[in-house]
Amino acid sequence: LFARQPPPRTDVVGLNELVQDGLFFLNGRCAKNGIELERSLDKDLPDVSADSSQLLQVLVNLVVNAIHAMPHGGKLTIATSRDGDWVKLEVSDTGVGMTDEVRRRVFEPFFTTKGLNEGTGLGLAVVHSIVAAHGGTIEVESTVGVGSRFTVFLPRTADSTDHGNPTGGDQ
């Protein structure tokens, strides 16, 4: 399945709405694990051209990994923002964090830090593949004992209106 990821069936997608819908199903899991869920969504976020089901898979994989990284609870922050022609999705946690060696390998297929029968090592590889197929990039920052932040950059739609500036240009 990993090797045969279907090409995205793109449509105009409001990332904030997708995040809200996705988090609706994950709220209970966060609460059950003692995780405070914070949203910081840019109200003037431009749309992206994307396959909403694949982007939802990206969000769910990142959030579930963050939950696993906080076995004793913590804070999970989901943020959206604009960075020029890019729309950003950030998933940050206050979990165990990663060493530099783990961070460098985190997107490799079949690489996992989880125990036997706890993970396949494909979740983040699939996330990386989906983001790349959408013309985007993903970055990861992490500090052991502090937490991790995954930042997804997606190109905004060419015809997306700029809600933050009436002239349509960057501020």
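The values are calculated or read from the model by the stated rules, or taken from the named source; none is laboratory data. Worth saying up front: this structure is predicted, and the values here are computed from it rather than measured. A quick note on method: Cβ atoms are made from the backbone with ideal geometry, for glycine too, and the neighbour counts reach across all protein chains shown. The accessibility values were calculated without ligands, DNA or RNA, using every heavy atom of the protein model including side chains. Shrake-Rupley method; radii C 1.70, N 1.55, O 1.52, S 1.80 Å.
Quick notes on this structure:
- Test result for VAL58, in a helix (DSSP H, G or I) and open to solvent by less than 20 Å² (accessible area, probe 1.4 Å): yes
- SER49 being closer than 25 Å to ALA125 by Cα and assigned to a helix (DSSP H, G or I): no
- Considering residues of the stretch 61-75 that are part of a helix (DSSP H, G or I) and of a type outside the set (Val, Ile, Thr) only, the residue farthest from PRO155 (Cα to Cα): HIS68
- Single unsatisfied condition, VAL91 versus (1) under 16 Å from LEU154 (Cβ atoms); (2) open to solvent by 20 Å² or more (accessible area, probe 1.4 Å): (2)
- Tally, over the stretch 113-130, of residues that are surrounded by 13 or more Cβ atoms within 10 Å (Cβ to Cβ) and either modelled with pLDDT of 80 or more or more than 20 Å from ARG149 (Cβ to Cβ) (or both): 12
- Options GLU139, GLU101, GLU108; residue that is open to solvent by 30 Å² or more (accessible area, probe 1.4 Å), modelled with pLDDT of 95 or more and of a type outside the set (Phe, Trp, Tyr): GLU139
- Figure legend. Inter-residue proximity from the stretch 17-45: first residues open to solvent by 70 Å² or more (accessible area, probe 1.4 Å), second residues basic (Lys, Arg), beta-carbon distance below 8 Å, spacing 6+ or different chains. Indicated pairs: GLN20/ARG39; GLU36/LYS75.
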